[in-house]
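The values are calculated or read from the model by the stated rules, or taken from the named source; none is laboratory data. Note that the coordinates shown come from a computational prediction; the quantities given were computed from them, not determined experimentally. Ideal geometry is used to build each Cβ from the backbone, glycine not excepted, and the neighbour counts take in all protein chains shown. Protein only, heavy atoms only, side chains kept; ligands, DNA and RNA dropped before computing areas. Shrake-Rupley method; radii C 1.70, N 1.55, O 1.52, S 1.80 Å.
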Amino acid sequence: MDLPTLPMPGLLAGVAVTLSLGVASFVSGLALGGLVMLARLSRHRPLRAAAIVYVSVFRGTPPLVQLMLVYFGLPQLGVRLPPVPSAILTLSLYAGAHLSENLRGGVLAVDSGQWDAADAMGMPR
């Protein structure tokens with residue numbers, strides 16, 4: 001029995017590009033989100049304010065608008081990026097904003113008794 005052929009030969013290539021963009025954006029967005037989470041929990045006001053502005057801007061605008069601004073707007077400033085790196089950059093910034101809030105919520109959800117118990121065991125904050 002013969003295997004059926006795909007009606008669109010570029011479909012698998014598109015899936016591969018989409019998955020690679022997703023994985024690369026998530027990994028770099030997670031690293032960025034961790035840094036932004038630390039900035040949001042910081043006691044330094046300018047650092048915390050910058051993190052709040054970043055999260056508000058990137059969570060408050062649609063990702064398609066952000067993609068258009070990076071791909072078409074940066075060349076107006078003299079920065080030219082190919083399509084894939086500009087997509088990874090934009091999606092990483094978008095994912096970083098969302099993941100920073102997830103991570104921050106997880107840290108803030110730890111009960112004060114747990115922090116006290118860790119302190120009693122000699123663990124640093």
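Things worth noting here:
- 3J(HN,Hα) along region 43-60: 8, 7, 4, x, 5, 5, 5, 5, 5, 5, 5, 4, 5, 5, 5, 7, 8, x Hz, from the Karplus curve 6.51 cos²θ - 1.76 cosθ + 1.60 with θ = phi - 60°, whole Hz, x for Gly and Pro.
- Highest-first arrangement of 65-72, 11-18, where packing means the average Cβ count within 10 Å: 65-72, 11-18
- Within region 1-90, the trypsin sites (Lys or Arg not before Pro) that combine a DSSP coil assignment with at most 15 other C-beta atoms in a 10 angstrom radius are Arg43, Arg80.
- Computed [θ] at 222 nm, deg cm²/dmol, the chain (DSSP H ≥ 4; -39,500 (n - 2.57); rounded to nearest 500): -23500 deg cm²/dmol
- Using alpha-carbon coordinates, inclination of helix 11-40 to the longest axis of the chain, degrees: 20
- Angle between the chain longest axis and helix 83-108 axis [Cα atoms, degrees, rounded to 10]: 30
- Surface exposure of the chain, expressed per residue as accessible area with a 1.4 Å probe, stands at 72 Å².
- Choice from Ser92, Ser100, Ser112 showing the highest fluctuation, given a GNM over the chain with Cα pairs closer than 10 Å: Ser112
- Estimated D of region 57-125 in µm² per second, where Rh is the Kirkwood radius over Cα pairs and Stokes-Einstein applies at 25 °C, 0.890 mPa s: 167
- Within the accessible area of region 1-95 (1.4 Å probe), percent carbon and sulfur: 76
- For the chain, the calculated P(r) over all alpha carbon pairs, in 5 Å bins from 0 to the bin holding the longest distance, is 2, 10, 13, 15, 15, 13, 9, 6, 6, 5, 3, 2, 1, 0 percent.
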